[in-house]
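Taking it in order: structure first as structure tokens, then the write-up.
Read-outs: derived from the displayed coordinates by stated rules, not from any lab. What you see is a predicted model; the values in this text were computed from it and never measured. Please note: Cβ atoms are built from the backbone with ideal geometry, for glycine as well, and neighbour counts cover all protein chains shown.
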Amino acid sequence: MNDKKNTSFEIEISDEKGVDINPKMIGLFFEDINYAADGGLYAEMIENRSFEAMITTDRSGGCEAHPEFAWTVSSGSAEYKTASPLNENNTHYAEISGGTDGAVIINKAYEGIVLEKGKKYKCSVWAKKNSYDGEIKFSVIKNDIVYLSGVLSKEAETERNDGWCRYSAELSAENSVRYAMAAVIMPTLKENETVCLDMVSLMPSDAVLGIFRRDLAEKLKALKPGFLRFPGGCIIEGYNLENRYKWKNSVGAVEERKQDRSRWGIVKEGIGFEDYNQTFGIGFYEYFMLCEYLDCKAIPVLSVGLSCQYNTKEAVSIYCEDNKTYTKEFREYIDDALDLIEFANGGTDTCFGALRAKMGHKEPFNLELLGIGNEQWEENHPITGKDNQWFERYEIFEREIHKIYPEIKLISSAGPDVKSPKYGEAWRWLHIRTNENQSFTYAVDEHYYNAPNWFFENDTFYDRYSRKVKVFAGEYASRDSEHSNDLWTALSEAAFMTGLERNADIICMASYAPLLARINYNQWSPDMIWFDDKDSYATPDYYVQKMYSENMGDITLKSKAKSNLCGEKCYHTAAYDKKSGDIIIKLINKYDKAKAVMLNISETFSLDSKAKIGILSGNSACDKNSIDEPFNICDREFEIENISNSYIYTMPKLSFSVIRIHTK
């Protein structure tokens, strides 16, 4: 095993410490794009359950209410009204009139409802029965066959003076079915009688925390993420300021949350997502709960009063005419940040801490990190010529937040890419301000969506960075016209991430983006996890993230690679895990042939004779996973023997290997 005659590469691994690693460096970025929330991670199966659907009508962001969207009536009739709503935020409801066969209102539920035989489902509806004294039934049907059915019972404690009351039941599926529809049935409703319905719900009883679709939540859990950044993304900014993400609309009782159209609800030739909405069934409270389930830190991100700079470029004025006092509109954005910290960390004797407790979480969420703005940059409006004052906005937020909460670590932005002049301008500003105030920013959020070759060529990207300001690689993915979510993109990301690990003294966090995409509903590719109505699969890119997250170590070990082949490169890192005593070596072979590498490990380390190894590899650079072949490319674990301080390991072609060698 010590003959290095035919090796392609040699790596010298010393016992000398390189830099400290944040063991929680690898995390998740969630944005409600590609139906990631409603129709995705949110386990709710009914589409437009509250009759609040808004349809985007034009490219300038106009929209109209369409309460009837996704609903049809097969018996009786329906009118959609606002005269006697469930509450001021949920203003539309369906008034159902009876027919000769009672009344039935049916929901198409995206591509249809999936049920598993014997599995339980929670069904509910808010109803105002008026003079009707008959039953309200809930059914799932397909081709006149009933797969789930039962009578909903009145929840007396929810009955209100205006007649609204919640009716519910937990029902078992009689058989499995796919592409079915949900029906709310008033079997004896007469022609002169009406029933008002709102907040129709069908949730699988096994939903994680009663909120999240289980297969998707478990895939996130398996990544062992260090953090979750939410809720976006451009969705924070909105297509325009009216459409921005308003976190206060996303908390409180679910039926009282004010729905909005999605920033990704677009009107564009060849793309039809005009009906894409945010019900806020997953709101900020649920995001914090998800962080607890994932055992990771929360990184909420808030707007600074700038709409998406790729779209309308709207900006709330900062100052009144005196150029000293904040405008009422801008003050609202500052208060949103302060109130969010109170919601997350405040005692139950505070306004928003009390709201958190009322929602079911008495103890604080212990928020530590907060993102200010998404991917903002300083620019002049193309029409008005006015400066959007991004730098000044951040400075104000930093000052106002740290005045009350000096312990909160803030994350700023260097814009949407790492190539343009605005990126350099942002960094010049950040260095000046950080020199003046070390708590000015905890980390700078950088984004890059580039071709695989860029990632292969830029593993040294952060080697030349100043060590004064930390970096959050908040959004990145490898893609081009030939490769998307295949083995080649995954290997390019793995190669690039060796640079993130090697420079862990400044790279404190990193997250691939986007996270989720529903097949046939996606607006962006690539994505880490794909799903349909029934199943889901992880991409090769997912397994790269997983292998890194599980194998970060505490410190890097200084190492040096030598190539015995002209022009070929061995991407690698070496780290040490203090708790396990493992040396962790990561190796990427981007070539279409196996490559032998001589690992020369410092004699200071006394090694066990066996090591664990994880390998991600395939036959072709274009290999990928799918619903039908979810594990075509995935990490596989092995054990290797006869380990010595000079050991030849053969990297499979097109592979990412993680070797864990235990020291005695």
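Annotations
- Inter-label distance for Arg160 and Asn143, nm, one decimal - labels placed 7 Å from Cα along Cα-to-Cβ: 4.2
- Overall form of region 52-136 per C-alpha gyration tensor (a/c, 1.5; a/b vs b/c): oblate
- The amide H of Thr327, built 1.01 Å from its N in the peptide plane, has Tyr319, Cys320 as neighbours under 5 Å, considering only residues 5 or more places off or on other chains.
- Within-10-Å neighbourhood charge of Tyr543 [Cβ basis; K, R +1; D, E -1]: 0
- With the convex hull drawn around the C-alpha atoms of region 168-238, the volume per residue stands at 202 Å³.
- Using θ = phi - 60° and Karplus 6.51 cos²θ - 1.76 cosθ + 1.60, couplings along region 76-89 (whole Hz; Gly, Pro as x): x, 8, 9, 10, 10, 10, 9, 5, 9, x, 5, 6, 6, 8
- Beta bridges by DSSP in the chain, antiparallel share as percent, to the nearest 5: 75
- Cα gyration tensor shape of region 534-640, rounded if a/c is under 1.5, else prolate or oblate by comparing a/b with b/c: oblate
- A Förster radius of 45 Å combined with the Cβ-Cβ distance from Ala253 to Glu639 puts the calculated FRET efficiency at roughly 0.30.
- If the chain linking Ser602 and Thr327 were pulled fully straight, counting 0.36 nm for each residue of separation and taking away their Cα-Cα distance, it would gain 92.7 nm.
- Contour minus Cα-Cα distance for Lys122 and Lys419 (0.36 nm per residue): 101.9 nm
- Sites His402 and Arg467, calculated FRET efficiency, Cβ-Cβ separation with R0 22 Å, nearest 0.05: 0.45
- Net lengthening on full extension, Glu550/Glu174 (0.36 nm per residue, minus Cα-Cα): 131.3 nm
- Applied to region 147-163, the Karplus parametrisation 6.51 cos²θ - 1.76 cosθ + 1.60 on θ = phi - 60° returns per-residue 3J(HN,Hα) values of 10, 7, 6, x, 8, 7, 9, 6, 9, 4, 5, 9, 5, 10, 5, 8, x Hz, with x for Gly and Pro.
- Inter-label distance, Glu363 to Val19: 3.4 nm, where each label sits 7 Å from its Cα along the C-beta direction.
- For region 54-204, the alpha-carbon coordinates run over 44, 42, 32 Å along the three principal axes, in decreasing order.
- When its C-alpha radius of gyration is set against 2.2 N^0.38 Å (N residues), the chain gives a value of 1.05.
- For region 54-204, the Cβ-based charge dipole about the Cα centre amounts to some 480 debye (Lys, Arg positive; Asp, Glu negative; other atoms uncharged).
- Helix-derived mean residue ellipticity, 222 nm - over the chain, DSSP H n ≥ 4, -39500 (n - 2.57), to 500: -5000 deg cm²/dmol
- Whether region 539-594 is rounded, prolate or oblate, judged on the alpha carbon gyration tensor where a/c under 1.5 counts as rounded: oblate
- Taking Cα atoms only, the orientation of helix 421-436 departs from the longest principal axis of the chain by about 80 degrees.
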